[in-house]
Amino acid sequence: MPKSCSGALEPRTERFQASQSQPESAKRHADRYAPRSMDAKEIAGRRAAAEAQPGMLLGLGTGSTVHWTLQALGERAARGERVRGVPTSLDTERKARQLGIEILRLDEVVALDLASDGAEEIDARFRMIKGGGGALRREKVVASLARRVVIVVGANKVVERLGTTFALPIEVVPFALAPVARRLALLGCDPKLRLGKDGLEYRTDNGNAILDCAFAHGIADPERLERDIDAIPGVVESGLFLGLAHARVVGHDDGRCEVVEQA
Ligand code: 5RP
């Protein structure tokens, strides 16, 4: 059983309350997601922001759960705290700027104190599938530079076996799409080219394509699969994130929040 932050064997369960006083920019930001009430994502996202001590250099993840981490950090910035971080996507960079969070580039930092990010799936060993939002490449770089990586998810993202609820995203150089797709299929998946909302080939912030690879029975051996995928010329990044997370914050719709540390 994973150890909790408090050192007990049971995961720490908390009730986490949303701040009622949001700055105007934060409110505008929240409206876009229009949550009906404080849901699992908000609970987990805001709890991760509480891990950020003043002065820390942060990694700013991407997605609708980290959206709430950014909100909470933005509220602190609005109260005068200096909040700084490296964004994992252009979308997060834009949102963070709107919220008064200072943007750092990777040539300005050697390491980060804390990175928080979402995931599509996370298992008991904190292995993950990420990249639903297409930011996998930058997310992995930022996570690899952080002393502590906290993953924020709703309870529905916790799985026994990776690949059972979500296809594995693989970022690929557009030039190499066809040969990479053939090689990936030989690894037992069904690669599908990701399309954007406009119906055209999706492009990441790095100008690459994504193949979403469905495994009919999930991923039996993520470590081996990662090695096999990384060996394919033309692959830029796989959405398998192994050995990168230090803690998992799981939000529940009833207001509970579990913080579990990697053993
Ligand atoms: C983007 C990601 C995100 O972290 C992941 O998609 C989680 O997003 P959400 O919190 O919206 O479910 O990997 O590339």
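Summary table
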quantity: Potential extension, Ala216-Asp254 segment - 0.36 nm per residue separation minus Cα distance; calculated: 10.5 nm
quantity: Gaussian network model of the chain, springs between alpha carbon atoms under 10 Å - residue of Pro222, Pro87, Pro169 with greatest fluctuation; calculated: Pro222
quantity: Estimated 222 nm signal from helices in the chain, with DSSP H stretches of n ≥ 4 weighted -39500 (n - 2.57), rounded to 500; calculated: -8000 deg cm²/dmol
quantity: Relative contact order computed over the chain (Cα-Cα under 8 Å; 6+ residues apart), in percent; calculated: 25 percent
quantity: Cα-based shape type of the stretch 113-257, given that a ≥ b ≥ c are square roots of the gyration tensor eigenvalues and the cut on a/c is 1.5; calculated: prolate
quantity: Calculated FRET value between Leu186 and Asn206, using beta carbons and R₀ = 30 Å, to 0.05; calculated: 0.75
quantity: Among Gly74, Gly132, Gly188: highest mean-square fluctuation, GNM of the chain, C-alpha pairs under 10 Å; calculated: Gly188
quantity: Fewest-first ranking of His246, His217, using other Cβ atoms within 10 Å as the exposure measure; calculated: His217, His246
quantity: The stretch 108-200: GluC sites (Glu not before Pro) in DSSP coil with no more than 13 other Cβ atoms inside 10 Å; calculated: Glu160
quantity: Length-normalised contact order for the stretch 104-215 - Cα pairs under 8 Å, 6+ apart - percent; calculated: 27 percent
quantity: Interatomic Cα distance distribution for the chain, bins of 10 angstrom, percent; calculated: 7, 31, 35, 21, 5, 0
quantity: Order of Lys41, Lys140 under a 10 Å beta carbon neighbour criterion, fewest first; calculated: Lys140, Lys41
quantity: For Thr164, Thr65, order by how many other beta-carbon atoms lie within 10 Å, fewest first; calculated: Thr164, Thr65
quantity: Gaussian network model of the chain, springs between alpha carbon atoms under 10 Å - residue of Arg82, Arg137, Arg46 with greatest fluctuation; calculated: Arg82
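Every number in this text was worked out from the coordinates using simple rules, so none of it is lab data. All figures in this text were calculated on a predicted structure; none of them were measured in a lab. Virtual Cβ from ideal backbone geometry, glycine too; neighbours counted across all protein chains shown.
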